[in-house]
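Asker: Just dropping this structure here.
The values are calculated or read from the model by the stated rules, or taken from the named source; none is laboratory data. In this text the structure is predicted, and so the values were computed from the model without any measurement. Every residue, glycine among them, receives a Cβ derived from its backbone with ideal geometry; neighbour counts consider all protein chains shown. Keep in mind that these areas ignore ligands, DNA and RNA; they rest on the heavy atoms of the full protein, side chains included. Shrake-Rupley method; radii C 1.70, N 1.55, O 1.52, S 1.80 Å.
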Amino acid sequence: MVLPISLLAVAVSARYVLAYDNGLAITPPMGWNTWNHFGCSISEDTILSAAKVIVSSGLKDVGYEYVLIDDCWQAPHREDGTNKPLADPHKFPRGIKHLSDSIHALGLKVVSINKQAQERKLKPS
């Protein structure tokens, strides 16, 4: 008799879960990170190819939406006057903006670790 009552309690409680119905965090943020497989061996072609696979394999359809450009995209020098990081012209001959535009055209979002770090420096937490 204890087992059926337990099952009934689970069934009833699962039906009445309290949650905001605002569309946020229905799934965790899902995506692909350059560092996990390629480390510093990344390029415009490598990243764009991976983004295309996210779409063609159906991962985008199940919630994958981010392409995270982690480390090693920067040139060894910085922009004169502003000291901003620049994309490595050998790895990214058409620039990060072109790569981002291409990834956005696939319906995915681009995230850069360095950009997040810069924003944290500008906005106190």
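Asker: Would you check if GLY23 is more than 25 Å from PRO93 (Cα to Cα), open to solvent by less than 60 Å² (accessible area, probe 1.4 Å) and modelled with pLDDT under 90?
Answerer: Judged against the criteria, GLY23 is a match.
Asker: When GLU44 is evaluated against the numbered criteria (1) modelled with pLDDT under 95; (2) in contact with a Pro (Cβ under 7 Å, 6 or more places away or on another chain), which criterion, by number, is the only one it fails?
Answerer: (1)
Asker: Can you tell me which residue within segment 36-79, out of those that are of a type in the set (Asp, Glu) and under 19 Å from ASP101 (Cβ atoms), is least open to solvent (accessible area, probe 1.4 Å)?
Answerer: GLU44
Asker: Still on this structure, please answer the following. Can you spot a residue in segment 80-90 that is at positive phi, open to solvent by 60 Å² or more (accessible area, probe 1.4 Å) and either at pLDDT below 90 or in contact with an Asp or Glu (Cβ under 6 Å, 6 or more places away or on another chain) (or both)?
Answerer: Yes, the conditions are met somewhere in segment 80-90.
Asker: Considering each of ILE42, ILE47 in turn, give the residue that is within 22 Å of LEU108 (Cβ to Cβ), in a loop (DSSP other than H, G, I, E, B) and among the aliphatic types (A, V, I, L, M).
Answerer: ILE42
Asker: If you don't mind, another one. On the basis of being modelled with pLDDT under 95 and more than 25 Å from ASP101 (Cβ to Cβ), does LEU3 make the cut?
Answerer: So LEU3 fits the description; yes.
Asker: Got at least one residue in segment 94-115 being on the phi > 0 side of the Ramachandran plot, out of contact with any Lys or Arg (no Cβ under 9 Å at 6 or more places or on another chain) and at pLDDT below 90?
Answerer: No.
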